[in-house]
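The values are calculated or read from the model by the stated rules, or taken from the named source; none is laboratory data. All of these numbers come straight from a predicted model, not from anything done at the bench. We place every Cβ from the backbone using ideal geometry, glycine too, and count neighbours over all the protein chains shown. In case anyone asks, the SASA skips ligands and DNA or RNA and just uses the protein heavy atoms, side chains included. Shrake-Rupley method; radii C 1.70, N 1.55, O 1.52, S 1.80 Å.
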Amino acid sequence: MGTSADDMTPLERIGASRRHFLAIAGAGAGASMLAACAGGGGGGGGDEKEGGGSVTGEGETSEENPLGVDGTLPVHAVIFDGGYGTKYAEDAGAKYEELYPESKVTVDATVNIQPDLQPQFAGGTPPDVFDNSGAQKLSIDGLIDQLADLGDLLAAPMVDGEGTIEENLLPGVTSPGMFDGTFLGMNYVYTVFALWYSAKEFEEKGWTVPETWDDLMTLGEEVKGEGRYLFSYGGQNASNYYQEMALSMAAKLGGPEVLTKIDNLEEDAFSQDAVVQAFDAMAAAVEAGYFEPGGEGIKHTDAQTNWVQGKSVFYPSGSWIENEQADVTPEGYAMTGAPVPSLPDSTMPYEAFHGTAAEQYFVPSGGENPSGGAEFLRVMLSKEQAKNFAELTKAPSVIKDTVPEDGFGSTALASVNAMITAAGENTFTYNFSDWYGLGADSITSWTKFLKGDIDSATLAEEQQAMIDAVREDDSITKFKAGS
């Protein structure tokens, strides 16, 4: 499997970005000092690294200017010019200038974050805020103490809404940016993992989206009778999308603590009853012939093309899927997401789903205007600008209640918004694969499994051996979930 940016799936890029930050940060703090809290709102561990100070400036603070911004100073923002573009940031910059007419906001776009910014950090002239994303994201080594504490940003009132920034965030958003209890990174995009399908096809055929595994298997028989398949998969680089689906089912069955035990590399974590049942259910689908043959030889983009062109009915993926498939999805397909089906006696409701935040922004404490950089983020996190982002990109930001019911005409975004509303606090996530770079190992095992070369028990054994090896390797920085 290739390792270039072009070969990476969106799931791998999210994981690589988070792993790069956490692993290097952990190396700076010591192997046991970093505690990243999965699905929670706070970090634990030691106190040796506390970032580079508050983002609140020396100016007079008020309800309108809670961060004490000097409105005469310019603001320099550097934005990764990737799948979301940069217009949303440019629009936020224009709004900043409306609030502070004497200020000038410069928004620079780049795909080369590290080559462009590393010399600036070395020279003591970093930007006031930057989006650390993409294949050439900035190495954080040695910079943890130069990143400002964004705690005051979380506590600041909304620009145009009730309550504080933190009170308006979706569940779990602060977790990826916590470092030893200090909030250093503000993630801006919310990713919902779902089971995707064509609402047009379901309406035409009178099908109901299955909420239970038994109903899914029943639909599988009907689909098989048409000479089609329930699922396609890209075994070269993305069979672990089905790992995500299985672990989501396991979490809904046994609760989020099932994933916490895996994140914490516990012995027999993959022998938990909820995991065993989820893997056995997937094995039943494999044995029934519900997976399109030949998946072991193709990548995720090929599998997803097969799916939208009708060879299969469902595909598990993150909420980036509509944009990723835009060029090959038939007109009127009405791409729609739903929670993964529930196993019998699940402890979490059907509406529960795997959600996480991505696209991380940092404010360097050594910039010319860190309070201005944080205020730029406060503007971005306003209801107005979050809504603008969703309309421009067809992806939700981390701010609640900013996507209309029709999803700005996107069935995918509308369904994601409906899922967020229906789930409430019933969301969960896991981090072990990202933290320890286990994607390639997972893909190897899951491709063999989906091809039918190994059974669910062997799959679980291989997954357990994978995390056991990490736990027993003293050279690997460990992270603790659930703190």
Residues of the stretch 298-309 classified as part of a loop (DSSP other than H, G, I, E, B) and either without any contact (Cβ under 8 Å) to a residue 40 or more places away in the chain or open to solvent by less than 30 Å² (accessible area, probe 1.4 Å) (or both), total:
1
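Can you tell me which residue among 132, 112 is within 21 Å of the chain's Cα centre (by Cα) and in the same structural domain as residue 378 (by TED's automatic domain parsing)? Working first, answer last.
On the way: 112 fails: within 21 Å of the chain's Cα centre (by Cα).
None of the others qualify; the one that does is 132.
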Just to be sure before I move on: is residue 175 surrounded by fewer than 24 Cβ atoms within 10 Å (Cβ to Cβ), within 24 Å of the chain's Cα centre (by Cα) and among the small types (Gly, Ala, Ser) in the structure I sent?
yes
For the stretch 153-182, how many residues are without any contact (Cβ under 8 Å) to a residue 40 or more places away in the chain and in a strand (DSSP E or B)?
1
For the stretch 240-260, pairs from a residue that is at pLDDT 95 or above and outside any helix (DSSP H, G or I) to a residue that is open to solvent by 10 Å² or more (accessible area, probe 1.4 Å) and among the polar types (S, T, N, Q), with Cβ under 8 Å and 6 or more apart or across chains, are 240/433; 255/347
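Run down 319, 312 and say which single residue is under 20 Å from the mean Cα position of the chain (by Cα), polar (S, T, N, Q), closer than 20 Å to residue 200 by Cβ and surrounded by 22 or more Cβ atoms within 10 Å (Cβ to Cβ). First the steps, then the outcome.
Numbers: 312 fails: under 20 Å from the mean Cα position of the chain (by Cα).
When all the criteria are applied, what remains is 319.
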Answer with yes or no whether residue 138 is open to solvent by less than 10 Å² (accessible area, probe 1.4 Å), modelled with pLDDT of 95 or more and in contact with a helix residue (DSSP H, G or I) (Cβ under 8 Å, 6 or more places away or on another chain).
no
When you look at residue 376, is it in contact with a strand residue (DSSP E or B) (Cβ under 6 Å, 6 or more places away or on another chain), open to solvent by less than 10 Å² (accessible area, probe 1.4 Å) and part of a helix (DSSP H, G or I), yes or no?
yes
Note on the stretch 169-185: residues under 17 Å from residue 381 (Cα atoms) and among the hydrophobic types (A, V, I, L, M, F, W, C) are 169, 170, 173, 183, 184
From 227, 220, 289, which residue is over 24 Å from residue 355 (Cα atoms), of a type outside the set (Ser, Thr, Tyr) and open to solvent by 50 Å² or more (accessible area, probe 1.4 Å)?
227
